[in-house]
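Following: one structure in structure tokens, then a few remarks.
The values are calculated or read from the model by the stated rules, or taken from the named source; none is laboratory data. Computed from a predicted structure; not experimentally measured. Glycine gets a Cβ as well: all are built from the backbone with ideal geometry, and neighbour counts include every protein chain shown. Note: accessible area is taken over every heavy atom of the protein model, side chains too, but ligands, DNA and RNA are not part of it. Shrake-Rupley method; radii C 1.70, N 1.55, O 1.52, S 1.80 Å.
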Amino acid sequence: MLMPSIQRHLLVWILGALSAGAIVLVIVSYFVALSEIDEILDENLKQVALSVASHELVGRGIEPSVPMMAAPLADLDFAILSWTSDGRLAFSSDPRIVLPFDTVEGHSRVQSNAEDWQVFTVRQGATVVQAAQRVAAREFEAAEVAAKLVPVLILLVLLIGLLVVVALKRGLGPLKTTADHIGALTAQSLEPIPAAQMPRELHSMIRAINRLMQRLSEAFAVQRRFVADAAHELRTPITALKLQVQLLERAQGLGERASAMVDLRAGIARAERLIAQLLALSRLEPGGWRHEATTLDLGPLVRDAVVRLSAQADAADIDLGAEAGDDLFVHGDPEQLLVLVNNLLQNALRHTPAGGAVSASATQAAGQGVVLSIVDDGPGIPEAERARVFDRFYRGLDDGAAPGASVGSGLGLSIVKATADRHGAAVTLGTPPGGRGLEVRVAFPPCTRPAAAVLEAYRQAA
């Protein structure tokens, strides 16, 4: 469905309002003219009646036994009648007009032959004179006055409509200028629209568009940086895979071939892990992740993550444990929070030597939200590097991985930080009380406890 034109919409409303105003003006003009005509002609009737009453014939009191009737010349809208005091008609200007006898002086409205007449009655001695005029004649005069305004108002409406069209074209010109400016923007050049020379009414819209352009520019910059970083980081594992394939091809005996196969599988696993982390990070970019937030218990999620990685910890001779109860509610996306916990645990396992320990805990801070803590007894992270470990692909001067552990991609803590930011959580790095290793704390904002019925249904589903 096509959206209506703003110009056409405004024009229709303005011309409609003008036309309605013109109609109202004509109607008002009719009634004003009718009122003025009534006032003028009522005064005329009064003067005529007084003049006839003071006529010499009437003044002498002549009372003919037979009424004097004037010969009607045409259908007149005006009539004069003279009566004796006892109600006998003495004179009539038009015998076809019959008005009721009335001795009450002043203006009145009567009906004769199904027509309304405006009558002025005057009493002069023994004579009563009535001057009358058809009301329809007055209404016709008022209608003529109003009708003369109609063509003038039509021309006025058309002229104003033309001026409105010109004004709208000039007034909406800045919109076209803005549209042309937006149409000229590209993904490589999202310059803000200058608002200084635009009408004030457009400033709020232009500011909103400029903010959108800024967000798009930042998103495109992040995307370009991400693609460049991903391409750079994928080049190393792909090159390693090529070399491992070549070594496998050149292997002479079964031992060399088996060793090459082990290296190739490890290289493929590293590439898969890197790609999975890149995909996870891309979903955390602006517009790349639909936040399906809900209220969930973080305790079962932490315990489940520990169970899944227990085999990997046993193979590395690392004591992996969890201390997380129930009713530790946070507001967030379960899938993304599981990625956060998994990355923290895998990072701790990779940097913990054989015989070491990694512990995961989730507690409810007094008056605050839930705090997730992952502690290992590996080499830790020097304080000078803690501010940079959340940067993408940063591995530090000394990766600190345990002997035999796979080399990290430098994305784990970046994913943790991005996920925490999305959930309004704060990530801090510290040293455990023993003075060795690393403690990562994720403090979530307070979350409203679910109602009892919802909580029971949640527990049954879990």
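Using the structure shown, decide if Leu34 is modelled with pLDDT under 80 and assigned to a helix (DSSP H, G or I).
Here the answer is no, as Leu34 does not meet what is asked.
Show the residue pairs meeting these rules: Cβ distance below 6 Å; 6+ apart or different chains; first residue within the range 245-266 and of a type in the set (Asp, Glu); second residue open to solvent by less than 100 Å² (accessible area, probe 1.4 Å).
Every condition considered, the pairs that remain are Asp263/Gln244.
Quick one: Ser359 ticks every box in (1) outside any helix (DSSP H, G or I); (2) of a type in the set (S, T, N, Q); (3) under 44 Å from the mean Cα position of the chain (by Cα); (4) crowded, with 17+ Cβ neighbours inside 10 Å bar one, so which box is it?
(3)
Give me the residue from the range 405-454 that is in a loop (DSSP other than H, G, I, E, B) and of a type in the set (A, V, I, L, M, F, W, C) and, out of that set, modelled with the lowest pLDDT.
Looking at residues that are in a loop (DSSP other than H, G, I, E, B) and of a type in the set (A, V, I, L, M, F, W, C), I get Ala405.
In the list Gln214, Gln246, Gln277, which residue meets the criterion of being modelled with pLDDT under 75 and either part of a helix (DSSP H, G or I) or at positive phi (or both)?
Going through Gln214, Gln246, Gln277 in turn, the sole match is Gln277.
Just to verify a result, which residue in the range 128-150, among those that are open to solvent by 20 Å² or more (accessible area, probe 1.4 Å) and not in a helix (DSSP H, G or I), is nearest to Val48 (Cα to Cα)?
Once the filter is applied, the top-ranked residue is Gln133.
Of Leu159, Leu153, which residue is open to solvent by 60 Å² or more (accessible area, probe 1.4 Å) and in a helix (DSSP H, G or I)?
Among Leu159, Leu153, only Leu159 is open to solvent by 60 Å² or more (accessible area, probe 1.4 Å) and in a helix (DSSP H, G or I).
For residues that are of a type in the set (Asp, Glu) and open to solvent by 30 Å² or more (accessible area, probe 1.4 Å), scanning just the range 295-327, find the one that is nearest to Asn343 (Cα to Cα).
It comes out as Asp304.
Scan the range 337-351 for residues that are open to solvent by less than 10 Å² (accessible area, probe 1.4 Å) and out of contact with any Leu (no Cβ under 7 Å at 6 or more places or on another chain) and jot them down.
Of everything in the range 337-351, those that are open to solvent by less than 10 Å² (accessible area, probe 1.4 Å) and out of contact with any Leu (no Cβ under 7 Å at 6 or more places or on another chain) turn out to be Leu340, Leu344, Ala348.
Restricting attention to the range 1-26, and to residues there that are open to solvent by 70 Å² or more (accessible area, probe 1.4 Å) and part of a helix (DSSP H, G or I), which single residue is modelled with the lowest pLDDT?
Ile6
Quick check: is even one residue across the range 319-338 touching a helix residue (DSSP H, G or I) at 6+ places or on another chain (Cβ under 9 Å), under 24 Å from Arg270 (Cβ atoms) and assigned to a loop (DSSP other than H, G, I, E, B)?
No: zero hits.
Kindly establish whether Phe78 is surrounded by 16 or more Cβ atoms within 10 Å (Cβ to Cβ) and modelled with pLDDT under 85.
Yes; evaluated as a whole, the condition is true for this residue.
Which one of these is among the aliphatic types (A, V, I, L, M), under 30 Å from Ser29 (Cβ atoms) and at pLDDT 85 or above: Ala114, Ala142, Ala146, Ala136?
Sole residue among the options that is among the aliphatic types (A, V, I, L, M), under 30 Å from Ser29 (Cβ atoms) and at pLDDT 85 or above: Ala136.
So, in the range 254-275, how many residues would count as being open to solvent by 30 Å² or more (accessible area, probe 1.4 Å) and either of a type outside the set (A, V, I, L, M, F, W, C) or more than 21 Å from Asn347 (Cα to Cα) (or both)?
So the count comes out to 13.
Regarding the range 40-55, can at least one residue be identified that is at pLDDT 80 or above, over 17 Å from Val129 (Cα atoms) and either of a type in the set (A, V, I, L, M, F, W, C) or in contact with a Lys or Arg (Cβ under 7 Å, 6 or more places away or on another chain) (or both)?
yes
Would you call Pro151 in contact with a Pro (Cβ under 8 Å, 6 or more places away or on another chain) and not charged (D, E, K, R)?
No, not satisfied.
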